[in-house]
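Scroll down for the structure; my scribbles are underneath it.
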Amino acid sequence: MSTEKFYYDNKIVKYFAYATILWGVVGMLVGLIASLQLVFPSLNMGIQYITFSRIRPLHTNAVIFAFVGNGIFMGVYYSLQRLLKARMFSDLLSNINFWGWQLIIVSAAITLPLGFTTGKEYAELEWPIDIAITLIWVVFGINFVGTLIKRRERHIYVAIWFYIATLVTIAVLHIVNSFELPISLFKSYSWYAGVQDALVQWWYGHNAVAFFLTTPYLGLMYYFMPKAAERPVYSYKLSIIHFWALTFLYIWAGPHHLLYTALPDWAQTIGVAFSFMLIAPSWGGMVNGLLTLRGAWDKVRDNIVLKFMVVAVTCYGMSTFEGPMLSLKNINAIAHYTDWIVGHVHIGALGWNGFLTFGILYWLIPRMFRTELYSKKLANIHFWIGSLGIILYSLPLYWAGFTQSLMWKEFTEEGILKYPNFLETVTNILPMYALRSVGGTLYLVGALILVYNIVKTVKSGNFLANEEAEAAPLDKNFTPASSEGWHRYFERKPVIMVVTSLLVILIGGMVEIIPTFLIKSNIPTISSVKPYTPLELQGRDIYVRDGCYTCHSQMVRPFRSETVRYGEYSKAGEFVYDHPFQWGSKRTGPDLHRVGGKYPDSWHYNHMIDPESMSPGSIMPTYPWLYDQNIDVSTTPAKIRAMQTLGVPYAVGYDLKANDDLWKQADEIVARLQKDNPKIKVNKEKEIIALIAYLQRLGTDIKLQKKGN
């Protein structure tokens, strides 16, 4: 059969490689600043756009979608062409994919510090950007599937299986979680509320980790590690088990983020069971990766690419063992809401995603520029500094997590909390926060060494934009051998594999999510729970805008230590009007679900402008802009109408008189403030009044027994 000449597109790979490096440094730098703000609160500088609660979501989005996202596209665009022996389906679509993704990243970098956020972790971007993400993902999907169809290689290699799972699953996750009702260009409300919103969010949140931070990088591992080692993948059969088991099981695991919450017990149990089962396929993948180096371990000592990849795969194994362990209820009761989780996440982010990306860059750039890496010595320095950075980052946070949990739960012999003041549990771990920042600094320095090394490599080389290749077209008369295995059929039918992968991931999602919407008993109603007043609704939106959920939870779990500290444990029916939910995932500050009525209005007034005046030693930022900015009452009618559309039972026509009630309640708060402290002079139009109204409402809809301090 005659062969055809064609050209691989290296230019698009180069673009994504450069973007990966750029956004990696930016994301790490923002993360370092955020970590230092916990040690030195003065670094917040009272500026709303750089305060911790605004830039922490910027950091997570920059690392996940900018650094790792561009790394995915870089690796996929390079490997897919070679595995299928075909240029990408469309150069135009490739470029739209690149520039569209960068525009999305820039939009996130602008809007998040400005406070335009949905308040849902890893999904904070507002609805116009969500639409843009959908469109660019469709562009990527068309380009990807089009390349599959025009391929010259009959069988689809294992790396592509994982790319396919990523393509279909991320599309489903993003669309389902992004159902929201816009009320303005940069403000929307989640279509879901309370328990339902929490379940959908962490079904999305955990599987964003699974299918954006894990499956595409497993595909990259299966391509680049054998290439670097010049060895075939250890086991074809193990790769089949790894792929299908991981794809099926992962999608069920989201509820383990909501253990001991108001989520129905049956959903929590499903999350625990499937999370624990994930150990098997995850470690199967790790073993398959590491054993690919069989007979090549002598190369690891001298090959910097393999060094990064070995550590990356090892960190993948560590994270995917720890994750199922953390999903067990007895361990989760210790770890959840503590810095243990932050340490766990960064073993994956810094070790698995970061180091595998670095290894690929060190392998890829010299080949595209037809030269040698500028300095293997610098790359080795990067490896050791980065490895030390991972250790110094994560271990202090594990220690901090254990410390937090033990202090939160410890009682004296008399049966009272030994540390009733939550702030004691924060100040005690500040040295761990400082050491974490040292680790982050080392990791960033390593990344900057990579930047220098890559720049020098590029300057010494000659870039090959269109790499010539030759292959025979597919034989239309091909007849499979009778002894061919069943999976070979899937490998010849990419569309069938796409559809099958979609069906496999839909099963778990539908089983978990649909019952919470259709079976009313999952969320028992509470007659005393009423909608937020217009002023409270405005205050809640300010709370979300300023990222208070990044440090405070609103979920009292049914533990003695928590009910004594905070009050009655949280009920599912209390959150039916919360769009979005605000249960949080980290307690740098105390839980706020029962804070309503705990302090006078003047305490909140003084606390927001100077936290240390109320809580000496506090690391909370100041929020001076709340005392300067006016409540945007022009949005009140639209917000009320949106809530009515979402099922919140405001009276018909209430949107027309909502602001009258808003000002009436604002007058009452101003009067109480002046009664508490005549020196307080504040205009009722200021945002602090709305925020006080919201905080004083929290947890007051049900009759509570006063507990704790």
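The values are calculated or read from the model by the stated rules, or taken from the named source; none is laboratory data. These numbers were taken from a predicted model, which means no experiment stands behind them. With ideal geometry, Cβ positions are generated from the backbone for all residues, glycine too; neighbour counts draw on all protein chains shown.
For the range 420-463, filtered to residues that are among the aromatic types (Phe, Trp, Tyr) and either buried (at least 18 other Cβ atoms within 10 Å of the Cβ) or under 30 Å from the mean Cα position of the chain (by Cα) (or both), the residue that is farthest from ALA349 (Cα to Cα) is PHE422. Of all residues in the range 343-380, those that are closer than 14 Å to ILE449 by Cα, part of a helix (DSSP H, G or I) and among the hydrophobic types (A, V, I, L, M, F, W, C) total 5. All of (1) surrounded by fewer than 20 Cβ atoms within 10 Å (Cβ to Cβ); (2) out of contact with any Phe, Trp or Tyr (no Cβ under 7 Å at 6 or more places or on another chain) hold for GLU574 with one exception: (1). No other residue among SER483, SER527, SER460, SER501 is modelled with pLDDT of 95 or more, of a type in the set (Ser, Thr, Tyr) and over 27 Å from GLU4 (Cα atoms) apart from SER460.
Of the listed requirements (1) within 30 Å of ILE381 (Cβ to Cβ); (2) in contact (Cβ under 8 Å) with a residue 12 or more places away in the chain; (3) part of a helix (DSSP H, G or I), ASP298 misses just one: (2).
When restricted to residues that are charged (D, E, K, R) and more than 14 Å from GLY115 (Cα to Cα), the range 177-192 contains 1.
Taking the criterion of being touching a Phe, Trp or Tyr at 6+ places or on another chain (Cβ under 7 Å) and modelled with pLDDT under 95, the residues of the range 292-318 that qualify are THR292, ARG294. Among the residues of the range 456-479, is there at least one that is touching a strand residue (DSSP E or B) at 6+ places or on another chain (Cβ under 9 Å), polar (S, T, N, Q) and within 30 Å of ILE33 (Cα to Cα)? No: the range 456-479 contains no residue that is touching a strand residue (DSSP E or B) at 6+ places or on another chain (Cβ under 9 Å), polar (S, T, N, Q) and within 30 Å of ILE33 (Cα to Cα). Of all the residues in the range 237-265, those that are over 23 Å from THR563 (Cα atoms), over 20 Å from the mean Cα position of the chain (by Cα) and touching a residue at least 12 places away in the same chain (Cβ under 8 Å) number 9. Cβ separations smaller than 7 Å between residues 6+ apart or across chains give the following pairs from the range 549-562 residues that are closer than 13 Å to PRO590 by Cα and touching a residue at least 40 places away in the same chain (Cβ under 8 Å) to residues that are part of a helix (DSSP H, G or I) and hydrophobic (A, V, I, L, M, F, W, C): SER561/TRP408. Selection of the range 555-605 for residues being among the hydrophobic types (A, V, I, L, M, F, W, C) and over 30 Å from LYS679 (Cβ atoms) yields MET555, VAL556, PHE559, VAL564, ALA572, PHE575, VAL576, PHE581, TRP583. Here the range 664-679 is the region considered, the condition is being free of Cβ contacts under 8 Å to residues at least 24 places away in the same chain and of a type outside the set (S, T, N, Q), and the residue that is surrounded by the most Cβ atoms within 10 Å (Cβ to Cβ) is VAL670.
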